[in-house]
Amino acid sequence: MLFSVDMTGAPHDEPAQRRVAARQALLRYLNDCMRRGGGIDIAFRCECGRLGCNTLIALSPDQYGAVRAHRRRFALVPGHEVVELEHVLERHEDYVVVEAHAPPAVEIAERTAPHPE
């Protein structure tokens, strides 16, 4: 089930892009903490930058690890992409993998990515 999104428009200016990118980085950090719990399938938070999104994505640790292997990549619910910030690299049934391309998003993704374990 998808929840409504509290986003009035695309983030065209740099402060808005930074807010969206910072939210993505925070959600990635939370997902990394959940991943350490182990298990077969884990419910990860959608890593989109949209306010109000609480959608969960079921991924195996290997699937999430493949996303996490790249500092600029995030796992999102399909349709939650923000084309001004990122482009879709992979489409799966229940999730997409995006990569940041806008300079503010790239800078925040690179700066906040967890170090490999």
What percent do you get for the relative contact order of segment 36-117 when only Cα pairs under 8 Å and 6+ apart count? 23
Given that compact globular proteins tend to follow 2.2 N^0.38 Å, what is the ratio of the alpha-carbon Rg of segment 64-112 to that value? 1.06
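The numbers here are math on the coordinates, done by the rules we state, and not lab data. In this text, all values refer to a predicted model and were calculated from it rather than measured experimentally.
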